[in-house]
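As structure tokens, the structure follows; a few thoughts come after it.
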Amino acid sequence: MPDNPYLFPILSNFHKTEQQKVNRIHKIIAKVNKSLKEIGERLNIPIDLTTYVARHSFAAVLKRSGVNTSLICEALGHSSERVTQIYLDSFGNDQMEDAMKNLL
């Protein structure tokens, strides 16, 4: 639908209450995660692929590519750049830990 604000319009007019919307979103995320897990297994990826992993990877790639935090904030739908900065900082430590392991 051209007037739908969502990229993946999983909600419809049927989903009127907040609980109906939450239930629908939960159901769709479970289906997507199941499919992502199957894809990961077929590709022999050593971690379970999930929507969380995809979102995390998306943000990490943007950060490493030098994309401005305000744009990452908008892409992730965060309420503020501060929230995005906390989110981005949370996975900068893995690279530091890997670098330190190489020094030992």
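The values are calculated or read from the model by the stated rules, or taken from the named source; none is laboratory data. It should be emphasised that the depicted structure is a prediction, and the values quoted were computed from it without experimental measurement. Here the Cβ is made from the backbone with ideal geometry for all residues, glycine too, and neighbour counts use every protein chain on show.
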Subject >> Residues of the range 33-59 classified as out of contact with any helix residue (DSSP H, G or I) (no Cβ under 6 Å at 6 or more places or on another chain), β-branched (Val, Ile, Thr) and either surrounded by 12 or more Cβ atoms within 10 Å (Cβ to Cβ) or within 27 Å of GLU74 (Cβ to Cβ) (or both), total >> reply: 2
Original post:
Which residues, taken from the range 60-89, are surrounded by 11 or more Cβ atoms within 10 Å (Cβ to Cβ) and charged (D, E, K, R)?
Top reply: LYS63, GLU74, GLU81, ARG82
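Quick one: which of ARG24, ARG42 is touching a His at 6+ places or on another chain (Cβ under 9 Å) and at pLDDT 90 or above? Quick ask: steps written out before the conclusion?
On the way: ARG42 fails: touching a His at 6+ places or on another chain (Cβ under 9 Å).
Going through ARG24, ARG42 in turn, just one is touching a His at 6+ places or on another chain (Cβ under 9 Å) and at pLDDT 90 or above: ARG24.
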Original post:
Name the helices (runs of 4 or more DSSP H) wholly within the range 2-76 that hold at least 3 residues that are in the same structural domain as TYR87 (by TED's automatic domain parsing)?
Top reply: 51-64, 69-76
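Quick one: how many residues across the range 15-64 are in contact with a Lys or Arg (Cβ under 8 Å, 6 or more places away or on another chain) and hydroxyl-bearing (Ser, Thr, Tyr)? Talk me through it step by step, then tell me what you get.
Keep residues of the range 15-64 that are in contact with a Lys or Arg (Cβ under 8 Å, 6 or more places away or on another chain), which gives 15, 48-50.
Pick out the ones that are also hydroxyl-bearing (Ser, Thr, Tyr) and you get 50.
Going through the range 15-64 one residue at a time, the tally reaches 1.
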